[in-house]
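J.: First the structure, then my questions, so here it is.
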Amino acid sequence: MELKKNPKVNLENWKTIFVEVGLVLALGVILAAFEWTSSDGINTDFAQSQEVVVEEEMMPITQQEEVKPPPPPEPVKQVIEMINIVDDDVDISDDLDLFENEFSEDVSVKIVEFSYEEKEAEEEEIFVIVEHMPSFQGGDLNKFRDFVNKNLKYPEIAAENGIQGRVILSFVVEANGTLSNVKVLRGVDPAIDKEAIRVVESSPKWSPGQQRGKPVRVSFNMPIIFVLQ
């Protein structure tokens, strides 16, 4: 039995419509593709115009210095040497009189000889301890202290001000027995120091010290105490 096709169901009738719909869809896809690439693919960084400011560099205006030519060299001065020609027949005296000045026998030269006398001032050595120590009026240093205490006068100014203390003196017993070089090693008051020096300098002669049988200089240190009573 032969089958009959329904003309309404035949797809050949829709062939043209399918082709047109396919073209429309293809065209739409193409347009959509162009729109997507043109909108999303543009880099906005380069699309925006940037204004670049270029600073103008000021070039200094230079002027070329005028080169002056070197000055012309000075003319060389010619030195003309003058030569005086003397005739050969002129007599030239070459005799030199070493004794042109008159010599008088009355004038004599006196040679003075200087004699130098060397004077050596040798100061005698001062001893501290010798074989035989100096003695005061047959006694030792204690007897000299008694002499000082008897002749000592307390200064009024120091007494009024209540000044007292110990003065240490140094002196030298010379080879002739006199006292010299009286000095204050440690003082208390100018008035008291002056009185201590006065008493020591007023001392009579001592018996000098001896070293190897010869009188020598001997030094002493002695304290003098000023006490108010």
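Yes/no per residue for (1) at pLDDT below 80; (2) of a type in the set (Asp, Glu); (3) touching a Cys at 6+ places or on another chain (Cβ under 6 Å); (4) assigned to a helix (DSSP H, G or I):
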{"residue": "Lys5", "(1), (2), (3), (4)": "yes, no, no, no"}
{"residue": "Val9", "(1), (2), (3), (4)": "yes, no, no, no"}
{"residue": "Asn13", "(1), (2), (3), (4)": "yes, no, no, yes"}
{"residue": "Glu20", "(1), (2), (3), (4)": "no, yes, no, yes"}
{"residue": "Leu23", "(1), (2), (3), (4)": "no, no, no, yes"}
{"residue": "Ala32", "(1), (2), (3), (4)": "no, no, no, yes"}
{"residue": "Ser38", "(1), (2), (3), (4)": "yes, no, no, yes"}
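J.: Next question. Residues that are surrounded by 12 or more Cβ atoms within 10 Å (Cβ to Cβ), under 56 Å from the mean Cα position of the chain (by Cα) and modelled with pLDDT of 95 or more: which helices (runs of 4 or more DSSP H) entirely in region 134-229 hold 3 or more of them? Reasoning before the result, please.
T.: Details: elements: 141-151, 156-160, 190-201.
Because the criterion is at least 3 residues that are surrounded by 12 or more Cβ atoms within 10 Å (Cβ to Cβ), under 56 Å from the mean Cα position of the chain (by Cα) and modelled with pLDDT of 95 or more, the helices (runs of 4 or more DSSP H) in region 134-229 that meet it are 190-201.
The values are calculated or read from the model by the stated rules, or taken from the named source; none is laboratory data. None of these values were measured; they are calculated from a predicted model. In this analysis, Cβ positions are derived from the backbone assuming ideal geometry, glycine residues included, and neighbour counts consider all displayed protein chains.
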